[in-house]
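Peer 1: Attaching a single structure in structure tokens format; questions to follow.
The values are calculated or read from the model by the stated rules, or taken from the named source; none is laboratory data. Bear in mind the structure is a predicted one, so any value in this text is a computation, not a measurement. Here the Cβ positions follow ideal geometry from the backbone for every residue, glycine too, while neighbour counts run over all protein chains shown. What goes into the accessible areas is simple: the full protein's heavy atoms, side chains included, and nothing from ligands, DNA or RNA. Shrake-Rupley method; radii C 1.70, N 1.55, O 1.52, S 1.80 Å.
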Amino acid sequence: QVQLVESGGGLVQAGGSLGLSCAASGRTFSKNAMGWFRQALGKEREFVAVINWGGGSTSYADSVKGRFTISRDNAKNTVYLQMNSLKPEDTAVYYCAARTSSYIDADLRRFYYWGQGTQVTVSS
């Protein structure tokens with residue numbers, strides 16, 4: 001059974017930092033692009049960041065560019081999202097997802113595997 005399990009969410013003050021992890025099990029994702037999405041209360045799920053299979057290519061939503069960093073460790077079958085300079089508008093449930101392709105894409109419809117999400121709350 002394939003599982004993506006997010007961890008590292010929590011409550012942080014504006015300007016603070018949090019690091020999210022997504023551990024995959026059930027199969028290796030070393031050849032798959034993986035990404036992070038988020039969904040705020042009452043809003044649609046939106047793209048945050050994506051990384052290709054080797055980690056050499058990344059893409060970010062404009063709203064997080066320069067503040068968030070996506071990375072991966074294929075030996076650990078894990079992808080990370082380091083979030084710095086957090087703002088109240090970053091408050092959302094953050095989801096890890098994996099494509100069946102090696103290439104980056106920001107369209108959530110092209111991600112096949114999804115985690116259950118982890119809550120990030122940024123207080124002002």
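Peer 1: Among the candidates Val64, Val120, single out the residue that is modelled with pLDDT of 95 or more, open to solvent by less than 50 Å² (accessible area, probe 1.4 Å) and touching a helix residue (DSSP H, G or I) at 6+ places or on another chain (Cβ under 7 Å).
Peer 2: Val120
Peer 1: Take the conditions open to solvent by 30 Å² or more (accessible area, probe 1.4 Å), of a type in the set (A, V, I, L, M) and under 18 Å from Thr28 (Cα atoms) and apply them to Ala75. Does it pass? Show your work before the answer.
Peer 2: On the way: open to solvent by 30 Å² or more (accessible area, probe 1.4 Å): yes; of a type in the set (A, V, I, L, M): yes; under 18 Å from Thr28 (Cα atoms): yes.
When the stated conditions are applied, Ala75 passes them.
Peer 1: Provide a single number: the residues in segment 93-124 that are farther than 16 Å from Ser71 by Cα, in contact with a Gly (Cβ under 8 Å, 6 or more places away or on another chain) and assigned to a strand (DSSP E or B).
Peer 2: Looking only at that region, the number is 6.
Peer 1: Please find, within segment 26-56, the residue that is nearest to Tyr113 (Cα to Cα) out of those that are at pLDDT below 95 and small (Gly, Ala, Ser).
Peer 2: Within segment 26-56, the match that is nearest to Tyr113 (Cα to Cα) is Gly26.
Peer 1: Just checking, does segment 92-113 include any residue being among the hydrophobic types (A, V, I, L, M, F, W, C) and exposed (fewer than 15 other Cβ atoms within 10 Å of the Cβ)?
Peer 2: No, segment 92-113 contains no residue that is among the hydrophobic types (A, V, I, L, M, F, W, C) and exposed (fewer than 15 other Cβ atoms within 10 Å of the Cβ).
Table: residues versus (1) under 15 Å from the mean Cα position of the chain (by Cα); (2) open to solvent by less than 40 Å² (accessible area, probe 1.4 Å).
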site	(1), (2)
Ser30	no, yes
Gln39	yes, no
Ala49	yes, yes
Thr58	yes, no
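Peer 1: Can you tell which of Val12, Val50, Val64 is out of contact with any Cys (no Cβ under 8 Å at 6 or more places or on another chain) and in a loop (DSSP other than H, G, I, E, B)?
Peer 2: Val64
Peer 1: Which of the residues that make up segment 69-92 are without any contact (Cβ under 8 Å) to a residue 24 or more places away in the chain and in a strand (DSSP E or B)?
Peer 2: Here is the first cut: in segment 69-92, the residues without any contact (Cβ under 8 Å) to a residue 24 or more places away in the chain are 69, 71, 73, 75.
Thr69, Ser71, Asp73, listed by residue number.
Peer 1: Moving to a separate point now. Looking at Leu11, Leu18, Leu4, which one is open to solvent by less than 70 Å² (accessible area, probe 1.4 Å), within 23 Å of Ser124 (Cβ to Cβ) and touching a strand residue (DSSP E or B) at 6+ places or on another chain (Cβ under 6 Å)?
Peer 2: Leu18
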